[in-house]
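Let me begin by presenting the structure, written as structure tokens, before commenting on it.
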Amino acid sequence: MLKSLTISNFRNFDRIKTELDSHVNVLVGSNGHGKTNFLEAVYYLSLLRSFRTNQISDLRQWKKDFFRLECECTQSGMPSRHLSVTYGNERRLQVNGTNIYRTSDFINQFICVTFIPQDKDLIRGSEVLRRRFMDISLSQMSTGYLRNLQSYTEALRARNAMLKDRVKYTDSTIKAYDHVLVKSGVAVEMERREFMEKLNSSLFEKSSLLFSPDLILSVRYLSGIGSLLQVSYDDAEQMEEKFRMALRKNYERDCRKGFTHCGPHRAEMTCLLNLHSLLHFGSEGECRMASLAIKFAFLDVLRQTLNSDDITLLVDDVTGELDTTRQDNFYRELLSGGQIIYAGTFLPEAFRGKGRVFNVKSGMIASL
Amino acid sequence: MSNYPLPLERLIGYFSRFPGVGKRSAERMALSALSWTSEELSDFGDVLSSLREAVKACAVCGNICEGDLCPVCLDCGRNRELVCVVEHASQIIQFERSGSYHGLYHVLGGKLSPLSGKGPDDLRLAELRDRLESGGIRELILATSPDVEGEATAHFLAREFSSYSVKITRIASGVPIGSDLSYADSATLAIALEGRRGLEQ
């Protein structure tokens, strides 16, 4: 949970300092005044990434040398911590005034889940976005996942670099990387499969909030190492063997094309409504609702895994396409626990009389 | 005056090439050298100018040494059946300080690192092969770093030399001795658990 936030030179904010309510915070303002920037700042402190850009230097205010974000946060009743990020020529991270050098030691000091317009891309957008959803979600739940993913990515990049230079690197050098690739890759696959399983069991309940009960929403994980239908979920050895076989089978093609064709980096997650893929058949509204249902199901899984309700929900006006009943369901579900930071053009009825309301205007923020 | 006299600037330039030395420290070092006597300075110069000839790589293992062969290779009390493969000569000192290893070494000169363009040809593999072929070695201990590239290098070496009748082993990874487990990082603990061993009962 976030207790306070100080933003300097970030997007359209010069310098603002805000104390936040432990439950409901509503940011009200017209378009383009900085509501989403506020959510982005919170998200960056939690995960050191943005949900809008990969170019972090873009987050600096125009013509400024650096941006700085600071917050006071707690997680599940632990003593509060002071986090700060200063992003100038290089990024400097501090927790309680002590420098932190590894990203993995800084992120997830408080846990964030977003409900933002871009969520819709989870259904319709590129597969990269769905893998990113799985990866970020899992790294919030398991430190081992992030570690394995980093090893996998490093081994994969090394392997691809070798595949592009077959004069310098022989078969045996390339195959030397297979061991790390297979070990970390299978660990990634196993956690993803388990996550999809859990997501599905929550999705069944959450989708009825937004869809009619006779419509069944589900997700399916398509492994990047070929069909794993006959492989049981907890059999790492069998999966490793499958992956090794897939690498062997694709080796010729990998060499010809200069990159690795199989592995968790090629996995895909498809969303099905009554067993039809929404990627090709979903309407605008269906995709919006499906993405919200998946986010709520993820929140559910996250709460169970962390065994805690202490999660900060960043909500950026996503109810536009929902009818009133569904909007009511949406707000009720949001209010079921955790801290909410909601950004919108007006104060929703469901939040009236709860927590704090802030007015955001041209990069300034005032508590009402 | 925004710059030091040219000779001093050049010295600062050289000092700041050392690892861990920033601009400010380099300035302090150079200014302090100004207070040295002429004898000290000329001796310092001699040490530097003869460094390349005075310190060489051991013709057998690649360790840094004064003569053609390093003290480890010359030491007839060492177990010549054991060879520990390390990335850099500087790591030999660490093994020696542990006092528990009495075999020989082989310096690879790095690890496989395709992302920085380092391949098998950039490692001292031919020298290692020569040593294996001349016989007498029973065990090759692979002591490359326990990171992605180091692991891959170890697997590469294991395969590369599998045709020789030599036992190939990998150093263990785990929790540092004498440390409190409460402060161990989770990655190391996970590996330590994987590599657990039975105790005699």
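The values are calculated or read from the model by the stated rules, or taken from the named source; none is laboratory data. Since this is a predicted model, take the numbers as computed values, not measurements. Cβ: placed from backbone, ideal geometry, glycine included. Neighbour counts: every protein chain shown. Note: areas computed on protein heavy atoms with side chains; ligands, DNA, RNA excluded. Shrake-Rupley method; radii C 1.70, N 1.55, O 1.52, S 1.80 Å.
Descriptive notes on the structure:
- So A:Ser46, is it surrounded by fewer than 20 Cβ atoms within 10 Å (Cβ to Cβ) and within 20 Å of A:Val113 (Cβ to Cβ): no
- For B:Leu69, the stated conditions do not hold, so it cannot be described as surrounded by 10 or more Cβ atoms within 10 Å (Cβ to Cβ) and in a helix (DSSP H, G or I).
- Hits in segment B:133-160 - residues which are away from every other protein chain (no Cβ under 12 Å) and surrounded by fewer than 19 Cβ atoms within 10 Å (Cβ to Cβ): B:Glu133, B:Ser134, B:Gly135, B:Gly136, B:Arg138, B:Glu139, B:Ser145
- As a summary of the residue check, A:Val180 satisfies the conditions (1) more than 9 Å from chain B (Cβ to nearest Cβ); (2) β-branched (Val, Ile, Thr); (3) buried (at least 22 other Cβ atoms within 10 Å of the Cβ); (4) over 28 Å from A:Leu59 (Cα atoms) except for the one numbered (1).
- Against the list (1) over 23 Å from B:Val55 (Cβ atoms); (2) within 14 Å of another protein chain (Cβ to nearest Cβ); (3) buried (at least 16 other Cβ atoms within 10 Å of the Cβ), the condition B:Gly110 fails is (1).
- The listed residue being open to solvent by 10 Å² or more (accessible area, probe 1.4 Å), without any contact (Cβ under 8 Å) to a residue 12 or more places away in the chain and of a type in the set (Asp, Glu), out of A:Asp317, A:Asp328, A:Asp323: A:Asp323
- Search result, residues across segment B:29-57 that are surrounded by 10 or more Cβ atoms within 10 Å (Cβ to Cβ) and among the hydroxyl-bearing types (Ser, Thr, Tyr): B:Ser42, B:Ser49, B:Ser50
- In the set A:Ala350, A:Ala343, only one residue is open to solvent by 30 Å² or more (accessible area, probe 1.4 Å), touching a helix residue (DSSP H, G or I) at 6+ places or on another chain (Cβ under 6 Å) and under 27 Å from A:Ser22 (Cβ atoms); that residue is A:Ala350.
- Hits in segment B:122-132 (condition: within 17 Å of the chain's Cα centre (by Cα), within 14 Å of chain A (Cβ to nearest Cβ) and assigned to a helix (DSSP H, G or I)): B:Asp122, B:Leu125
- The listed residues are A:Thr312, A:Thr319, A:Thr325, and the only one of them that is outside the structural domain of A:Asp171 (by TED's automatic domain parsing) and modelled with pLDDT of 95 or more turns out to be A:Thr312.
- Here A:Glu189 meets the list (1) crowded, with 19+ Cβ neighbours inside 10 Å; (2) touching a Pro at 6+ places or on another chain (Cβ under 8 Å); (3) within 14 Å of chain B (Cβ to nearest Cβ) almost entirely, failing just condition (3).
- Annotation for segment B:193-200: no member residue is surrounded by 16 or more Cβ atoms within 10 Å (Cβ to Cβ) and more than 13 Å from chain A (Cβ to nearest Cβ).
- Yes/no for A:Lys198 being in contact with a Gly (Cβ under 7 Å, 6 or more places away or on another chain) and either under 30 Å from A:Arg288 (Cβ atoms) or open to solvent by 30 Å² or more (accessible area, probe 1.4 Å) (or both): no
- Verdict on B:Ala172 being at the interface with chain A (Cβ under 10 Å from one of its Cβ atoms) and over 18 Å from A:Ala176 (Cα atoms): no
- For B:Leu74: the one exception among (1) open to solvent by 80 Å² or more (accessible area, probe 1.4 Å); (2) touching a Gly at 6+ places or on another chain (Cβ under 7 Å); (3) not charged (D, E, K, R): (2)
- In segment A:157-171, the residues that are facing chain B (nearest Cβ under 7 Å), open to solvent by less than 30 Å² (accessible area, probe 1.4 Å) and closer than 15 Å to A:Gly263 by Cα: A:Ala158
- Complete set of residues in segment A:303-314 that are out of contact with any Asp or Glu (no Cβ under 9 Å at 6 or more places or on another chain) and buried (at least 19 other Cβ atoms within 10 Å of the Cβ): A:Asp310, A:Ile311, A:Thr312, A:Leu313
- Against the conditions (1) in contact with a Lys or Arg (Cβ under 7 Å, 6 or more places away or on another chain); (2) in a loop (DSSP other than H, G, I, E, B), B:Ser179 satisfies every one except (1).
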